[in-house]
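FYI, it's all coordinate maths here, none of it is from the lab. Small disclaimer: the values here were computed from a predicted structure and weren't measured. We place every Cβ from the backbone using ideal geometry, glycine too, and count neighbours over all the protein chains shown.
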């Protein structure tokens, strides 16, 4: 019934429709949230790593978005109390994103337990979320690698500048931390196209990982 | 007796055939999507988290991929930063509204360059049942304007009038989002039914076409190609605009709330309006491309007799089925990642 050119035409119509839908399925969401991260790697008395204390500072725009309607006493300032509900909500939902934290001890991923000791603060412009992410089981940290990133790159995590971006607390003598930072994002875009082109041919790759920074804590 | 029974049994037969056609088209569309995901995907996309922190919509958390995506993301990201910077420049008195308008416009152009469900709805609608360039462009502008108005309305009602928190804002946005996906599914279902009936009628000849009831495009004397591809109705037009444009853009909402917090909501609205104009431009280009494609298809089909007509009719039914499936999957949350706009 359908032969020759019309069959090809039909084929083309269907292909076009499919292309559209594939377009739908691979959505682009550029970052709408920028978070500058600082972390502290916490060591126990036995020299094992027991957790990570994060301090995440949101960009000014998203801070305004997050804090709308929260100044309940209308004094123009946001107290820790006014932000406590938001802090709770955030740390509780972070579990579904694995806290955007990928930590590996001696090459093996470590599991995180529920956050403790969390709160949020405002400096008038920007909000900062503080929380402790305990490890399920303390690990010996000869080589401990810490990445904070959003694989979908909706949230752009940026490691704070300077050598104090990740610090060690109560670490055994001789431990030190080093950083591997990505190229600045502005001139990084072109580079991304060339360098990781062949790495990223597989769809749905961990795109956000390309922009992540890694801190490596090493102990003797 | 036969005069009365005749048309009604013909109409029954027509509906029966249309149901079969619609079911086959749905199965074919599901099969095509499945096959394509096998061909392109390999591993299924990781599911975005069920609950997302910081009040981000799960739709936005969908994974992305590919170097082209990386490039578009990079450009969009820079424009978004430039836009918020322009707003801050206005606040600090170091920049004028014209900078805000220009950057908003360019952000809109580039932001719309990535695929999103809105663009799929518009292109799909045009492929399935539109031929006029002017109407395609009008739909694009209407959808972009609606998107800006929904964002402005949401912020005015939720933030200004109700003093809502980010969470309440997100919940409302999610409801609007699901409604827009439902509208997409409804549009797809309706197109699928209309187009299936037309395909069924094609098989029965002109008498069956005449027997169709309740259809808006009732010129039975029109040439069959006209019948296949004429504009469906104002209802479908509105459904397309609502499905494509009612989901507000998160960037616009964040920008507006930020502007409000700075006491410069007016500037925020100007920026969002400029953004919407840019979006309309890009979407119009896509609409024009779809119209062009549709014309090419009709031209190829014309003069090839029934085979050509069948090919176009089948193509339209399949596109309608794809719109329905995508809309339903998005609305039911089976398929995330369609909504980055």
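Using only Cα atoms, locate the centre of the range B:131-203 and the centre of the range B:254-288, then give the distance between them in Å, rounded to an integer.
17 Å
For B:184, B:169, B:264, what ranking results if the residue with the fewest other Cβ atoms within 10 Å of its Cβ goes first?
B:264, B:169, B:184
Using Cβ contacts closer than 10 Å as the measure, can you line up A:46, A:150, A:117, A:96 from fewest to most?
Arranged by neighbour count, lowest to highest, A:46, A:150, A:117, A:96 become A:46, A:117, A:96, A:150.
Name the shape class, rounded, prolate or oblate, that the alpha-carbon gyration tensor gives for the range B:98-197, where a ≥ b ≥ c are the square roots of its eigenvalues, rounded holds for a/c under 1.5, and otherwise prolate holds if a/b is larger than b/c and oblate otherwise.
Cα axes put the range B:98-197 in the oblate bin.
Give, as ranges by residue number, the residues of the range B:128-170 whose backbone N falls under 19 Å from the point 7 Å along Cα→Cβ of residue A:80.
Nothing falls inside the zone, counting backbone N under 19 Å.
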